[in-house]
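To keep things clear, I will list the structure first and then write my remarks on it.
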Amino acid sequence: MSFDFNNFSRHGGSTTAPSWWTYRTTDAWDDILPDNYFGEAFGSLNVNDFILVRSIANTFMLRVTAVSQDTVAMVRDTMTAPNIGSGIFTASVTQTATDPDTAYQVPWDLAVENGSIKRNVSDNTKIEFTEAGTYLIAGNLQLKSSSASAKTFYFFPTINGLSDSKSVRSGLKDNNVVGTLGVSAALELNAGDYIQANWAVSDVNGWLDATAATSFAPSSYAAQISIIRV
């Protein structure tokens, strides 16, 4: 993961006017912008030059803000459309509650990640966002009961550990029945924020159920959500 001059091309401009460059790489966005990625090109670049980058996940524009010996500073140019960013996160293992009326975070053991949305590498209950924006979240929880007592399930997202939205609730009563709770949210997030999916149940005889495959139907997840930036 490093700059490769062989993939760096100039397409116009001069030292007295901004130049236009293109760059192709398999490196991800996180590897390109935060570090001094283009430092080796300091002798070619000037302040306000533009670099159109085609990375492994998306295409974006960078603008040079400072150049010195072996150092090139960049920003994401505002004339470039933001990364769409999307992700699908699933909990393929049954989730149980040790205590009633207690919030637990859903661990996402399976994920399809793209652009600005990724799981935390050390805590898979956290989904992290590298770019600010509005993100739509939709999904479902699969509920199951092992008693005939009435029980209430709760779901709510948190941002950086704090809740800023209403909870979604669903009731389940009969023994050995399965229910589904649909969830959705629109969250305004800043770069560096993370979210968690929280659930609780009023009776520990209710849980989020991951169901095995049958002879005629595939298995189902305990929980799954899709996220897209708008």
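The values are calculated or read from the model by the stated rules, or taken from the named source; none is laboratory data. Small disclaimer: the values here were computed from a predicted structure and weren't measured. Please note: Cβ atoms are built from the backbone with ideal geometry, for glycine as well, and neighbour counts cover all protein chains shown. Ligands, DNA and RNA are stripped out before the accessible areas are found, and what is left, the full protein with its side chains, is counted by its heavy atoms. Shrake-Rupley method; radii C 1.70, N 1.55, O 1.52, S 1.80 Å.
Some notes on this structure:
- Between Ala191 and Val47, the contour length at 0.36 nm per residue exceeds the Cα-Cα span by 49.3 nm.
- Label-point gap, in nm, between Asn6 and Asp99 - each point 7 angstrom along Cα→Cβ: 5.9
- Computed over the chain, relative contact order equals 20 percent, with contacts defined as Cα pairs under 8 Å that lie 6+ residues apart.
- Ala17 paired with Thr180, simple spin-label distance in nm, labels 7 Å along Cα-to-beta-carbon: 5.8
- Taking all pairs of distinct alpha-carbon atoms in the range 111-151, Kirkwood radius in angstrom: 13.5
- Solvent-accessible area assigned to carbon and sulfur over the chain amounts to 52 percent, based on a 1.4 Å probe.
- The simple spin-label model puts a point 7 Å past each Cα toward its Cβ; for Tyr154 and Ser215 those points are separated by 4.3 nm.
- Think of a 1.4 Å ball rolled over the protein heavy atoms: the chain then has 51 Å² of accessible area per residue.
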